[in-house]
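Colleague: First the structure, then my questions, so here it is.
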Amino acid sequence: MQVQRDLQTRNQGELRCKLVLLIVLLLGAALIGAGVWGMGELATSSFEQEGAYGIIYQLSPQLNSVYEKDIRPYMEKLDASTRETVNAKARELLILNWSEQAKSDQTALVDSVLASEKDPEAAQMKLLAVSYSMAGPKVSSKEKKVLAAFSDAERDEFRLQALGAIANDQAELPEVLVSATAKDEGMDKTAKILQFFLTAADAEGNYLPKEIINNLKKAARSANARLTAYQMAEKGEINFFSQLILSNTKTVVLVGITILLDVLLLFFLLKADGGWQLSFKWLIILAIIDFMLLFQVLPMIYLVITAFFPEGRFTFEVFARLYTYPMNQGALVNTLIAAGATMVLGTLLAFPLAWLVGRTNMYGRKFFRSLFVLTYMVPPYLGAMAWLRLLNPNVGTINVILRSLFGMGDTPGPLNIYTLGGLIWVLTTFYYPYAFITISRAMEKMDPSLEEASRISGASPLMTVFKITLPMATPSLIAGALLVFISAASCYGIPSIIGAPGKVHTVTTRIIEYMGLGARGISDATGLAVFLMAIAMIILFISDFVIAKKQYITVSGKSTRPNIVDLGKWRIPVTAIVTLFAGVVIVLPFVTILTTSFKLDVGKSMFDPANFTTENWTTIFSRTETIACLKNSLIFGVVTATIGIVIACTMSYLLQRTRIKGRKIPDFLIALGSGTPSVVIALGLIMTMKGNFGINIYNTAYIIIVAYLVKYLMMGMRTVVSAMSQIHVSLEECSQISGASWVKTMLKITGPLIFPSIAAGWFLIFIPSFYELSMTTLLYSNSTKTIGFQLYEYWTFTNQPQACAMAFGILIIVIVLNFVLNRLTKGEFSI
Amino acid sequence: MATVTIKHVTKAFGDNVVLKEFNETFRDGEFVTLLGPSGCGKTTMLRIIAGFEKPSSGELYIDDQLVSGGKTFVPPEKRSVGMVFQSYAVWPHMNVFDNVAYPLTIKKTPKAEIKERVDKVLEIVHLSQYAQRFPNQLSGGQQQRVALARALVAAPKLLLLDEPLSNLDAKLRESMRFEIKEIQKQLGITVVYVTHDQTEAMAMSDRIFLINRGVVQQCDSPENIYNQPANQFVADFLGKVEFFKGEAKEGKITFPAMSNQFISYDGPKTGRVEVAVRPENIEFVAPEEGQLRGTLEAQYYLGDVDDCRVRVGDTLVRVIAPGHVFKNLKDGQEVGLNVREFLVFDDDGMLEQLLQIQT
């Protein structure tokens, strides 16, 4: 019995669930239908703007109230015959006005419109009111002033007199009208009197709101459109919903399609889940999926489609043209060589460094670790700027020193940053930390007894590194290397600063150059972006599916004490080499940036008193433009990080605490977003978010925040997810069994436990958003410039020392934030 | 085949002294167990023998060769010992054969010989058919045997085992216990075994070193260590034991907390004492015949035995009686107790101190 009843309830639940889905599905379909209807309506209408319907919707009630308040009472005061005459005249005036607007006889139209009305008097008066406010006889501002000066009683009298004068053109006119109509005869005069009658209704002289009328003028330019608009406004046939649909057809269709997709997805997820229970969690999952679909998948798909179907049909034409152009070929080759070399060099640097820092008794391991990781949080363009100052063939500090050391005289060189080699060097110094972090993490997690087992089996420490440590870390090594490759290939800051003067082009710089060319440029940029995207997708696939399966190192709850290899007599020499490396790669660039920021002339020494100045610093702190940019950057960073961390926490909960089937979909999409090159994300957003798909956020702060979210969300999410995975669910269950509600448990147990990670996640999203350059270069508008972009502009076009001051300012902010984070999380996290 | 001589070995991590003055010799072919609660220093001792830790002071000899001490330090790979780790430490990127062959490969043993020896050792641990499998395709018990095979393949003179059975389930643990013992007998090697499980230690060892807080409390055969514990800690750690405070005087020990009832005692101690009694050494007799009289307060039937609580004065005494007495006893019934065997220690506050840190 019980079982049967349970089964019954379950079936009922399933039925109810399916019913809800069906209703929502129908809603989605209805929205699509409505949107398509609206599009059809728009296609046949003669309005210039979708917004016309919204304006007409606003106008209708105004028109009614004008008639009821300012026209009808006066009409009713007239005696029957006068009223009849006024009406006849009004019809004539309407025909005249419309014919004039349409430049053809509109008698038939007016008659047919009026014939269908129950109250033709009201109808034609309303039509006249709106027509006259759009294109009636003029009332000069001087005359308006006279009308405005009337008292209420005078106004009443004036208007009645005017109305009478319409019926009888021989009647005596008020003073203003006499002068105003002095030059007019016949119907022209009557028209003017009517216009005065209407104008006098309102002290300001605008019997219909000026703004609405002006908007309508813009939305309905042609005579045809106007006449239609008049009729619609008079009939009041545009209701709230139809105007909403008609003014937002694309958005309506988009929402409809999204709902439809959501319902279908939910149906399959619920079917796979078998539970047929609708819960709030699904809404969250779907909301995140929708966000990613709209702002990430749609732009990317559209990007690919535009690349292959430039004019609506499939063609390789764009590709053929693009990729046969020598400069582009050069850019492709450069990108592949630079990224490949950076990957190899970076990994070759990262593995020994990670091993030395993590597994040996080298001096200052902790210090070096923070130093190497710090680079990860520094904007890459900063490095490019510094190396440019150091290795400029003519005035680069290192070159000057080398020349004086070897007595090479005044020839340029010997080193030249403006080459592919220079590009590779700077890319390597800035991207090896990516591999370093991945590899050290793997080494930290490795069970030390795996290495001990090798030692006890007779292998020396070095042999153990090559036979056990290295093979076990290989998957992470490859993952790190691929990360370096794709980061270097999609980097814009470094190649744009080094490449542009040296004519070393890369795919990213070419894309941005094409973007500067306008509409034609976009299609070419797309063609190149597709190439970059393809590389990114392949790499994402390899590291997420191929390597992840080979991953030996899994997170264990146990804290492990890593094996420390005694370097013996090598301890001091190794420490010296690492110190030298850190000095050259990290300290030297930072110092260069700092010293350059105090120079008047970049080419001369800072120690020349004539060349020393603090002006750069005072300027950047006082220039309103810089401060505005800084403010923008802070706002975008805070908003992005806050939205991002909320999504991250929600996703972590779904991933770690529920068994909901579709929880991996948003996770995958977020990973996809983070793997997509910045330039590609920005380009996709530009192409899809300017209203052509129902969303128009182009040139706003929103598009920038959306782009940052797509790119950096994963950084925060992974941090929170891994923290949550370390907290055994029994801690939460224990709180619930003790009587705490879910919310209380989250606030009292889970929240405090993962707080350090939440804080760290927030900063991990905030910091790169704060100094972002590549996406902002494409997405900024005058009011949404960021500090990163401002710095870039100053570097390229204005004043390099000032740019350096800004760069060092950013660096200080990043270091301070890192310190705050460290304090906030009691030393558990710093970047 | 090997002796281990430990002379005055002390180990400290910073201020934390984990081993104090370890001074023992493990004999050739002996199965020695280092037993103790977690954190007692037993694993540290094992890692010093293996060469993963250096003693802070003292010397360590394997056979007669100094391996740790003074300026001499022989790294683990030069010590020719085998070791099984608690986590097995089977390398995930090599299959079973390669894992086991590793110590021989390192020594550049000819391929044919490697094959022969690996096959042989795999047979010993019953893994012959799994040679080509990867560790992630093996169960915990099989991985454990891979680790054992790897430790044995190079025919070490000394085998170190660090809680090798603690990650296995109860049944498997019991059978592996005997397998390891069998292999040791068969090969005649010296084994140093670390565990916190007293049953394991009792079942396998020739000698048990019971360690607490870095100090060896007693070193003896399983039988002696159980029956003649050197102090309260040893008595308490091995098996179940209860302590009662009493006063020894004139051939008897009086228990104030048992309304001054007494048992007869002809030992040498006088004054305040601690009497240690194993619950299975108390038997039920008729009320008038017992040394002690009390009321049966509760009994828990466990099948083979009957675990009872008897109130004697203000004290609750635990008695483990044979299972068959269960049906003869009723809660609230008055009973007599005979204490067959007991140990007497001085009541010098040592007990509290010893038991405090037990985990």
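Just so it is clear, none of the values below were taken in a lab; they were calculated from the coordinates. Nothing here was measured: the structure is a model prediction, and the numbers come from that model. Here Cβ is always computed from backbone atoms with ideal geometry, including for glycine, and neighbour counts include all displayed protein chains.
Colleague: Which FRET efficiency, nearest 0.05, do B:A112 and A:F545 yield, Cβ-Cβ r, R0 30 Å? Don't skip to the end; give the middle numbers.
Modeller: Working: r = 41 Å, r/R0 = 1.35.
In this case the efficiency is close to 0.15.
Colleague: Moving on to the next point. Return the sequence-ordered ³J(HN,Hα) values of segment B:169-179 in whole Hz as given by the Karplus equation 6.51 cos²θ - 1.76 cosθ + 1.60 applied to θ = phi - 60°, using x for Gly and Pro.
Modeller: 7, 3, 4, 5, 4, 5, 6, 5, 3, 6, 4
Colleague: I would also like to ask the following. To the nearest 0.05, what FRET efficiency results for A:S140 and A:W37 with a Förster distance of 41 Å applied to their C-beta separation? The partial results should precede the final answer.
Modeller: Values: r = 45 Å, r/R0 = 1.10.
With a Förster radius of 41 Å, E is 0.35.
Colleague: Can you run phi through the Karplus equation (6.51, -1.76, 1.60; θ = phi - 60°) for segment A:398-403 and list ³J(HN,Hα) in whole Hz, with x for Gly and Pro?
Modeller: Those phi angles translate into 5, 5, 4, 5, 4, 5 Hz.
Colleague: Taking just the alpha carbons, could you work out the radius of gyration and Dmax for the protein assembly as shown, both in angstroms?
Modeller: Here Rg and the maximum Cα pair distance are 44.4, 150 Å.
Colleague: Only residues of segment A:51-80 count here: report those whose backbone N is under 20 Å from the spot 7 Å along Cα→Cβ of A:K118, or say none.
Modeller: Zone members listed by number: A:60-69, A:71-73, A:76.
Colleague: Sort the following peptides by mean Cβ neighbour count (other Cβ atoms within 10 Å, averaged over residues), highest first: A:324-330, A:576-582.
Modeller: Details: A:324-330: 12.6, A:576-582: 15.1.
For the peptides A:324-330, A:576-582, the packing ranking is A:576-582, A:324-330.
Colleague: I've got another one for you. Enter the Cα centre distance for the pair segment A:292-340 and segment A:86-153, rounded to the nearest angstrom.
Modeller: Here the answer is 58 Å between Cα centres.
Colleague: With a ≥ b ≥ c taken as the square roots of the eigenvalues of the C-alpha gyration tensor of segment A:252-404, please select rounded if a/c is under 1.5 and otherwise prolate if a/b is larger than b/c or oblate if it is not?
Modeller: On the way: a/c = 3.21, a/b = 1.52, b/c = 2.12.
Verdict is oblate for segment A:252-404.
Colleague: If you line up the long axis of helix B:96-106 against the longest principal axis of chain B, both from Cα atoms, how many degrees apart are they, to the nearest 10?
Modeller: Roughly 70 degrees between the two axes.
Colleague: In which sequence would A:R369, A:R313, A:R510 go, from the one with the fewest C-beta neighbours within 10 Å to the one with the most?
Modeller: Sorted ascending by nearby Cβ count, the order is A:R313, A:R369, A:R510.
Colleague: Give the calculated FRET efficiency between B:F178 and A:A576 to the nearest 0.05, with a Förster radius of 56 Å applied to their Cβ-Cβ distance.
Modeller: Working: r = 56 Å, r/R0 = 1.00.
Step by step, r from the Cβ atoms, then E = 0.50.
Colleague: Still on this structure, I have one more. Roughly how large, in nm² to one decimal, is the mean projection of the convex hull of the alpha-carbon atoms in segment A:446-536? Kindly include the intermediate steps, with their values, before the conclusion.
Modeller: Values: hull surface 33.7 nm².
About 8.4 nm², averaged over all directions.
Colleague: Continuing with the same structure: Please compute the modelled spin-label separation between B:E21 and B:E334, points set 7 Å along Cα→Cβ, answer in nm with one decimal.
Modeller: 5.4
Colleague: Would you mind computing Rg(Cα) / (2.2 N^0.38 Å) for segment B:4-236, counting N as its residues? Mind showing how you got there, number by number?
Modeller: Numbers: Rg = 17.8 Å, N = 233, 2.2 N^0.38 = 17.5 Å.
For segment B:4-236, the normalised Cα radius of gyration is 1.02.
Colleague: Taking a point 7 angstrom from the Cα of A:K271 along the C-beta vector, which residues in segment A:658-690 have backbone N less than 16 Å away?
Modeller: Only A:661-662 pass the distance filter.
Colleague: For chain B, what does the relative contact order come out to in percent, with C-alpha contacts under 8 Å and a separation of six or more? The partial results should precede the final answer.
Modeller: Values: 736 pairs, mean separation 54.7, N = 359.
Reported relative contact order: 15 percent.
Colleague: Pairs of alpha-carbon atoms within less than 8 angstrom and 6+ residues apart define the contacts here; what relative contact order does chain A have, in percent?
Modeller: Numbers: 1066 pairs, mean separation 116.4, N = 831.
Result for chain A is 14 percent.
Colleague: Rounded if a/c is under 1.5, else prolate if a/b is larger than b/c, else oblate: which is segment A:55-129, with a ≥ b ≥ c the root eigenvalues of its Cα gyration tensor? Before the final figure, lay out each step's value.
Modeller: Working: a/c = 1.94, a/b = 1.15, b/c = 1.69.
Here segment A:55-129 falls in the oblate category.
Colleague: Report, as an integer, the average count of C-beta atoms from other chains found within 10 Å of each Cβ along B:78-90.
Modeller: On the way: counts 3, 3, 2, 2, 2, 6, 3, 7, 1, 8, 4, 10, 3.
Rounded to a whole number, the mean comes out at 4.
Colleague: Let me ask another. List every residue whose amide H lies under 5 Å from the amide H of B:L159, counting only residues 5 or more places away in sequence or on a different chain, with H placed 1.01 Å from N in the peptide plane.
Modeller: Long-range HN contacts for B:L159: B:G82, B:T190, B:V191, B:V192.
Colleague: On to the next question. Give me the extension gain from A:E157 to A:Q231: residue separation times 0.36 nm, minus the current Cα-Cα distance, reported in nm with one decimal.
Modeller: On the way: separation 74, 0.36 × 74 = 26.64 nm, distance 3.07 nm.
Residue separation times 0.36 nm, minus the Cα-Cα distance, leaves 23.6 nm.
Colleague: Tabulate in residue order the Karplus-calculated ³J(HN,Hα) for segment B:301-311, using 6.51 cos²θ - 1.76 cosθ + 1.60 with θ = phi - 60°, rounded to whole Hz; enter x for Gly and Pro.
Modeller: Karplus values, whole Hz, x for Gly and Pro: 7, 10, x, 6, 10, 10, 8, 10, 10, 10, 8.
Colleague: Does segment B:241-356 come out rounded, prolate or oblate by the C-alpha gyration tensor, with a ≥ b ≥ c the root eigenvalues, rounded set by a/c under 1.5 and, if not, prolate when a/b is larger than b/c and oblate if not?
Modeller: Values: a/c = 2.11, a/b = 1.61, b/c = 1.31.
Verdict is prolate for segment B:241-356.
Colleague: What's the exposure ranking of A:C734, A:C649, A:C804, going from fewest to most Cβ atoms within 10 Å?
Modeller: Working: A:C734 13, A:C649 22, A:C804 29.
The most exposed by this proxy come first: A:C734, A:C649, A:C804.
Colleague: Then there is this: Under the 0.36 nm per residue contour assumption, what length would be gained going from the current alpha-carbon distance of A:F406 and A:F797 to full extension?
Modeller: 137.3 nm
Colleague: In terms of modelled amide H atoms, which long-range or inter-chain residues lie less than 5 Å from the amide H of B:D346?
Modeller: Amide H neighbours of B:D346, under 5 Å, 5+ apart: B:E274.
Colleague: How many angstrom separate the Cα center of segment A:494-533 from the Cα center of segment A:632-681?
Modeller: 28
Colleague: Would you grab the residues whose amide H sits under 5 Å from the one on B:L19? Only those 5+ places off in sequence or on another chain, please, with H modelled 1.01 Å from N.
Modeller: Correct list: B:K11.
Colleague: Something else: What distance in nm separates the two pseudo spin-label positions at A:V344 and B:S259, each 7 Å out from Cα along the beta-carbon direction?
Modeller: Once both label points are built, they end up 9.3 nm from each other.
Colleague: What distance in nm lies between label points placed 7 Å from Cα along the C-beta direction at A:M537 and A:I337?
Modeller: Modelled inter-label distance: 2.8 nm.
Colleague: How much length, in nm to one decimal, is gained on full extension between A:E444 and A:D111, taken as 0.36 nm per residue of separation minus their Cα-Cα distance?
Modeller: Values: separation 333, 0.36 × 333 = 119.88 nm, distance 8.80 nm.
Stretched out fully, the A:E444 to A:D111 stretch lengthens by 111.1 nm.
Colleague: How shielded is A:461-473 by partner chains, expressed as the average number of their Cβ atoms within 10 Å of its Cβ atoms?
Modeller: Numbers: counts 3, 0, 2, 3, 0, 0, 6, 5, 0, 0, 4, 4, 0.
Taking all residues of A:461-473 together, the mean is 2.
Colleague: Fewest to most neighbouring Cβ within 10 Å: what's the order for B:R207, A:R72?
Modeller: Numbers: B:R207 18, A:R72 15.
Result, fewest neighbours first: A:R72, B:R207.
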